[in-house]
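Before any comments, here is the structure.
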Amino acid sequence: MTIIRLILTILLPPVGVFLTVGIGLHFWLNILLTICGYIPGIVHGVWVIARKTAPKPAA
């Protein structure tokens with residue numbers, strides 16, 4: 001599923017972020033960044049996906 005999210009993030013950054021975190025701050029920020037420039041939207045989208053899907057360290 002992560003590969004599909006990354007591909008969607010490259011094509012349409014807000015869609016990948018939406019599938020990862022839903023409608024929230026990161027989603028709206030990504031829409032704003034995508035409007036300002038396509039590349040910042042992609043970078044933010046990949047960052048959100050990488051951060052949310054990273055394995056948690058064991059306690």
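Only the coordinates and a few stated rules stand behind these numbers; no lab work does. Note that the structure is a prediction, hence the values are computed from the model and not measured. In this analysis, Cβ positions are derived from the backbone assuming ideal geometry, glycine residues included, and neighbour counts consider all displayed protein chains.
Coupling constants for the range 44-50 follow from the phi torsions by the Karplus curve (6.51 cos²θ - 1.76 cosθ + 1.60, θ = phi - 60°), and in residue order they are 5, x, 5, 4, 5, 5, 5 Hz; glycine and proline get x.
Considering the values (1) -0.67; (2) -0.56; (3) -0.76, which represents log10 I(q)/I(0) by the Debye sum over Cα atoms at q = 0.19 Å⁻¹ as calculated for the structure under consideration? So the calculated entry is the one marked (2). I want the local charge near Leu6. Using Cβ-Cβ distances under 14 Å, sum +1 for each Lys or Arg and -1 for each Asp or Glu among the other residues. Every neighbour counted, the sum reads +3.
What is the order of Arg51, Arg5, fewest Cβ neighbours within 10 Å to most?
Details: Arg51 11, Arg5 21.
With the sparsest Cβ surroundings first, the list reads Arg51, Arg5.
Were the residues from Ile4 through Ile23 laid out at 0.36 nm apart, the gain over their Cα-Cα distance would be 5.0 nm. Per-residue ellipticity at 222 nm, computed for the chain from helices alone with -39500 (n - 2.57) per DSSP H run of at least four residues, works out to -24500 deg cm²/dmol.
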